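See structure below.
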Amino acid sequence: KSSDGGVTWSTPVMVPTTNKDGYNAISGPAIEVGNGELMLASYGLAPYGGSRVTVVKSPDGGVTWGSETTVTNGGSEASLVYAGNNTIYCIIRESGNIYRSSDNGATWSLYTVTNTTMHAPDFCKIDDIRFFTTWCRPGASGGDRAVEGKLYYPEKGWNYTPTRLIYASS
């Protein structure tokens, strides 16, 4: 944490994990949720085998972190967006599925099946009803890993807006 614009930094704080391999990976930024807490999505190997996506919250700006809450078993890279009114969305790599919590991250359920294979998904909040989401399209021919994106209106569904090509390495 830096309080001077990145000139100096505090001692790192470990985000707790119960993953089998003893580590967790974080692929998106922390977000602030309705009660002022910070929340991070992480992923790693679950204690029982396989992978899982979890969230962990900090009540004090990242100085300490609480225990994990499972978003879903399976998946890896994840990104969070706070929609307001204690509602949070989490988009997951591989399936592209979107999970929702309407209680500030205490419980999660599958909200949208996108049928979109993606790597490194990310959410950007436009306002409480619109988000811009981006991802890398894996497995394209010739190694071309295109970056795609779309406006996402949760109440209107994944297919409400078209997917747009943002960048193609070829």
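The values are calculated or read from the model by the stated rules, or taken from the named source; none is laboratory data. In this text, all values refer to a predicted model and were calculated from it rather than measured experimentally. Cβ coordinates were reconstructed from backbone atoms using ideal geometry, including for glycine residues, and neighbour counts include every protein chain displayed. Ligands, DNA and RNA are stripped out before the accessible areas are found, and what is left, the full protein with its side chains, is counted by its heavy atoms. Shrake-Rupley method; radii C 1.70, N 1.55, O 1.52, S 1.80 Å.
Convex hull over the alpha-carbon atoms of the chain: what's its volume per residue in Å³? Provide the component values of the computation, followed by the final result.
Numbers: hull volume 24.1 nm³, N = 170.
Dividing the Cα hull volume of the chain by its residues yields 142 Å³.
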Cα centroid separation - segment 90-168 against segment 26-67, whole Å: 19
Segment 1-76: C-alpha gyration tensor shape, a/c 1.5 cut-off, then a/b vs b/c: prolate
Evaluated over segment 65-107, the Cα radius of gyration and Dmax, each in Å: 10.4, 28
Paramagnetic reach from Y160 (point 7 Å along Cα→Cβ, amide N under 20 Å) across segment 85-116: 85-92, 96-103, 109-116
Selection from H119, P138, Y99 lying farthest towards where the dipole of segment 70-140 points positive, charges on Cβ: P138
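Using a 1.4 angstrom probe on heavy atoms only, work out the carbon and sulfur share of the accessible area of the chain in %.
Working: 4540 of 8770 Å².
Solvent-exposed carbon and sulfur of the chain make up 52 percent of the total.
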